[in-house]
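Participant: Pasting a structure below so you can have a look.
Here, each number is a calculation from the coordinates, and none is a lab measurement. Just so we're clear, the structure is a prediction, and the values are computed from it rather than from any experiment. Counting neighbours? That spans all protein chains shown, and the Cβs are built from the backbone with ideal geometry, glycine included.
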Amino acid sequence: MQLRCNTLIAGAGISGLTAAFYITQKDPETFVLFDGNKPGGAISTLHRDGWTLETGPNTIVLTNTYLNKLIADLNLEPELLTADRVAGNRFIVRNKTLIPLPGGPGAFLKTPLFSTKAKLRLFAEPFIKRGTNPDESLANFVRRRLGEEFLTYAINPFVAGVYAGNPENLSARLAFPMLTVLEQKYGSLIKGQFRIKPEDRKPGDLPRAKAPMVTFKQGNQTLTDRMAAALGDRLKPQSRITRITKHVGTDARFEIETQSGNLYRCQQLLLTLPLHALRNVSWEGFGNENPAKLLPEVTHPPLNVVHLGFRREAVRHPLDGFGMLIPEAENMQILGCLFNSSLFPDRTPDDKQFVLLTCFIGGSRNPDFAMESEADVYRRVLEDISQLLGTRGEPALKHLTRWPKAIPQYSTSYQQVYEALERMEQKHSGLHFLGNFRNGIAVPDCVRNAMRFAENFTPATTT
Ligand SMILES: Cc1cc2nc3c(=O)[nH]c(=O)nc-3n(C[C@H](O)[C@H](O)[C@H](O)COP(=O)(O)OP(=O)(O)OC[C@H]3O[C@@H](n4cnc5c(N)ncnc54)[C@H](O)[C@@H]3O)c2cc1C
């Protein structure tokens with residue numbers, strides 16, 4: 001098959017679908033190619049015998065106005081579920097015990113999570129001078145400003161929960177831009193909290209503390225399914241892209257070949273494939289300015305998502321919170337665990353009788369654990385949660401999802417990725433890159449970036 005169009009979008013995760021949903025309103029001659037059968041990319045919900053399992057993102061925090069607008073434009077507000085108030089309690093494990101993360105200054109002074117020395121160290125933060133290294137690691141940034149213990153018992157587990165990563169490898173500026181904004185503009189994270197202005201945030205971003213945490217009645221895949229339905233047969237599944245060729249002197253300048261031999265010609269090409277997939281495409285006619293040549297290898301650590309359902313009476317802990325995160329210093333096997341059935345109703349066949357947990361194992365901390373046999377993965381997870389949550393016996397539900405390349409790590413050398421993407425876009429007019437590898441990995445970041453791209457997008461006039 002051969003097809004000509006104005007605009008072609010590669011990839012149907014949240015980035016590609018959101019861009020396509022808005023771009024088709026400007027340019028109906030837009031098509032979306034993606035690998036596999038199921039649109040949504042990392043967003044995927046399974047329904048198994050009354051259990052609702054999120055194999056990718058479990059919760060979405062409405063941290064920007066763009067995501068709110070997308071939900072409204074898709075008429076999805078009636079489908080939203082807001083997390084129970086209990087989600088405000090987050091546990092960190094110290095000495096194999098779940099300790100609530102303190103929610104305010106009073107609780108902070110009393111918490112056993114940090115030693116008195118670590119608490120006093122925090123008072124020095126406003127007096128520490130600004131850093132000068134733009135490629136400083138998150139770990140060094142936190143060590144410098146907040147001290148070693150805060151790194152060990154707050155930031156290390158938090159980063160494992162968000163990036164499945166390690167703060168020693170991540171760039172403070174690129175992985176958590178707000179930290180460096182507060183330091184550089186206000187000279188202190190603590191002072192900055194009180195003086196932060198709307199223009200310090202990314203466009204459309206709202207204060208995170210006030211942002212509701214949500215899912216949809218039928219799970220997060222509702223969001224991507226609704227966009228896929230709106231796109232209809234503009235969406236082309238089973239279209240693994242193997243080659244992209246640039247032709248000079250023709251208006252349909254990009255030719256895309258899929259594994260099944262289909263050919264597409266387009267004037268504008270928006271690539272939302274993961275970075276590792278971009279590097280594996282065969283690039284012709286792009287000279288040296290192509291992803292295979294210019295993009296550095298970026299670590300995407302493997303991660304396993306393990307769903308476990310138990311009868312309520314088989315779990316000693318009341319699960320009265322969002323979940324627990326486990327610092328590396330605790331030498332346990334899992335990275336953390338979400339208490340899904342405490343957050344949202346109807347995630348189990350019967351909420352009176354059952355609870356649902358989602359555990360994470362692998363990541364940068366223990367990549368080998370993610371590669372082990374199913375039996376070994378379950379064994380490790382069950383060992384940890386029986387010790388921490390007092391679970392007993394065989395679960396009523398077990399489900400394992402493997403993400404061999406889960407999340408791109410915005411490392412201390414990641415600036416090279418940004419520079420390479422900009423260079424390719426400048427060199428090849430009509431070529432664009434969008435996805436979780438640029439300006440944020442969270443779902444709201446991907447939505448904001450895609451909607452802003454679509455806002456500024458000018459369709460080509462002829463084919
Ligand atoms: C396990 C896990 C848990 C997460 N938890 C959260 C969370 O709780 N909250 C949150 O906000 N974020 C979370 N994230 C992050 C967030 O879900 C992702 O960063 C985001 O969904 C990525 O969207 P994307 O469209 O950029 O890429 P993807 O979703 O990866 O989509 C890429 C698309 O490219 C296609 N593709 C790949 N190769 C090819 C090829 N060669 N040819 C054609 N198509 C191709 C794929 O089929 C897919 O459609 C999580 C991520 C993971 C993996």
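Participant: Might you report the magnitude of the Cβ-based charge dipole of region 58-210 about its Cα centre, with Lys and Arg at +1 and Asp and Glu at -1, to the nearest 20 debye?
Facilitator: Using only the charged Cβ atoms, the result is roughly 720 debye.
Participant: Just the Cα atoms of region 174-273: what Rg and Dmax do they give in Å?
Facilitator: Calculated on Cα positions, Rg and Dmax stand at 21.8, 58 Å.
Participant: Which of the lysines could be linked to Lys398 by a straight reach, that is with a Cα gap under 23 Å, when you skip same-chain ones fewer than 8 residues away?
Facilitator: Lys38, Lys217, Lys352
Participant: Right, next: Quick one: if you stick a label point 7 Å off each Cα along the C-beta vector at Lys293 and Ala72, how many nm between them?
Facilitator: 4.6
Participant: With N denoting the number of residues in region 114-203, provide Rg(C-alpha) divided by 2.2 N^0.38 Å, to two decimal places.
Facilitator: Cα Rg divided by the expected 2.2 N^0.38 Å: 1.05.
Participant: Next up: Could you name the aspartates and glutamates whose alpha carbon sits less than 15 Å from that of Lys117, not counting residues in the same chain fewer than 8 places away?
Facilitator: Glu125, Glu148, Glu149
Participant: For the chain, with only Lys/Arg (+1) and Asp/Glu (-1) charged at the beta-carbon, what is the dipole magnitude about the Cα centre, in debye rounded to 20?
Facilitator: For this selection, approximately 1080 debye.
Participant: While we're here: Just report the Cα centroid separation between region 157-180 and region 227-241, whole Å.
Facilitator: Here the answer is 33 Å between Cα centres.
Participant: If the label point is 7 Å along Cα→Cβ of Phe108, which residues in region 52-91 have backbone nitrogen under 19 Å from it?
Facilitator: Inside the label zone: 88-91.
Participant: A further question follows. Roughly what % of DSSP beta bridges within the chain run antiparallel, to the nearest 5?
Facilitator: Within the chain, antiparallel bridges account for around 65 percent of the total.
Participant: Would you kindly work out the equivalent ellipsoid of region 289-415 from its C-alpha gyration tensor and give its semi-axes, the square roots of five times the eigenvalues, largest first in whole Å?
Facilitator: Each semi-axis is √(5λ); the values are 32, 15, 14 Å.
Participant: Still on this structure, please answer the following. With 10 Å bins from zero, work out the P(r) of the chain over every alpha carbon pair and list the percent per bin.
Facilitator: It works out to 4, 19, 29, 26, 16, 5, 1, 0, in whole percents.
Participant: Taking the Cβ of Arg173 as the center, what net charge do the other residues with Cβ under 9 Å away carry, scoring Lys and Arg +1 and Asp and Glu -1?
Facilitator: Value of the local net charge: -2.
Participant: If you average the C-alpha positions of region 319-391 and of region 249-292 separately, how far apart do those two centres end up, in angstrom?
Facilitator: A separation of 40 Å, based on Cα centres.
Participant: Starting from the Cα of Lys197, draw a straight line to each of the lysines and keep only those under 25 Å, dropping any in the same chain fewer than 8 residues away.
Facilitator: Candidates past the 8-residue exclusion: Lys69, Lys129, Lys185, Lys210.
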